[in-house]
Amino acid sequence: MRRLLRRLGWHRNPLRRGTDRFEGWLNFVLIMLLLAGGTGLSVAVAGSTYRSQARQVAWERAHRHQVWAMLMEKPAGPTASARWTGPDQVARTGRIPAGPGDTAGTWLQVWVDDRGGLTGPPSRRRPAADAFQAAVASVLALAAALLAVGMAGRRLLDRRRLRAWQSEWMEVGPRWSRYR
């Protein structure tokens, strides 16, 4: 524990300078911002992502339907002419993907929208997993930003400490060395 406190700048060294105390407070503030801000940020981002993904999943479930289509010809390529009835009970025709072994009269399942037009299958969304990933990414981004602020602050403090050390050495150094 002592090692951690010393690393964070919270120790009782009589040689500690004002910049060292300031660095200790800066470290404390940054850690508290990460703990408090990271928690709030992750909850907000996870909730928002989950609600958005869940709405999208519900919309796709309500507006995409799987129906049976009958091939009207043997496929000459990757698609063939087919007929199906949409959710609005209107018969439709169009080209659908078909395999090389399919023949005329084969029934295949296709996805259609509310008006019976061909569409792709619903996307495979996982709202909870996506929300967790978004929360972790937001906390990592906050940690990176706070780390950058901490490093910049430490660099400025180091420059100030080096300037102070240099000015003190310019005063004391000539008394100790033969170069005057």
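The values are calculated or read from the model by the stated rules, or taken from the named source; none is laboratory data. Note that the structure is predicted; figures quoted are calculated from it, not measured. Every residue, glycine among them, receives a Cβ derived from its backbone with ideal geometry; neighbour counts consider all protein chains shown. Please note that ligands, DNA and RNA were not included when accessible areas were found on the heavy atoms of the full protein model with its side chains. Shrake-Rupley method; radii C 1.70, N 1.55, O 1.52, S 1.80 Å.
Assorted remarks:
- The set of residues from region 46-91 being modelled with pLDDT of 90 or more, basic (Lys, Arg) and farther than 24 Å from ASP130 by Cβ comprises just one member, ARG83.
- Among residues of region 21-30 being in contact with a helix residue (DSSP H, G or I) (Cβ under 8 Å, 6 or more places away or on another chain) and either open to solvent by less than 70 Å² (accessible area, probe 1.4 Å) or aliphatic (A, V, I, L, M) (or both), the one that is nearest to LEU147 (Cα to Cα) is LEU30.
- Subset of region 118-132 [surrounded by fewer than 14 Cβ atoms within 10 Å (Cβ to Cβ), touching a residue at least 60 places away in the same chain (Cβ under 8 Å) and assigned to a helix (DSSP H, G or I)]: ALA128
- Among the residues making up region 97-117, those that are more than 19 Å from HIS63 (Cβ to Cβ) and surrounded by 13 or more Cβ atoms within 10 Å (Cβ to Cβ) are PRO97, ALA98, ASP102, ALA104, THR106, LEU108.
- Some residue of region 147-162 being open to solvent by 70 Å² or more (accessible area, probe 1.4 Å) and modelled with pLDDT under 90: no
- Among the candidates SER123, SER167, the residue that is under 27 Å from LEU15 (Cβ atoms), of a type in the set (S, T, N, Q) and at pLDDT below 95 is uniquely SER167.
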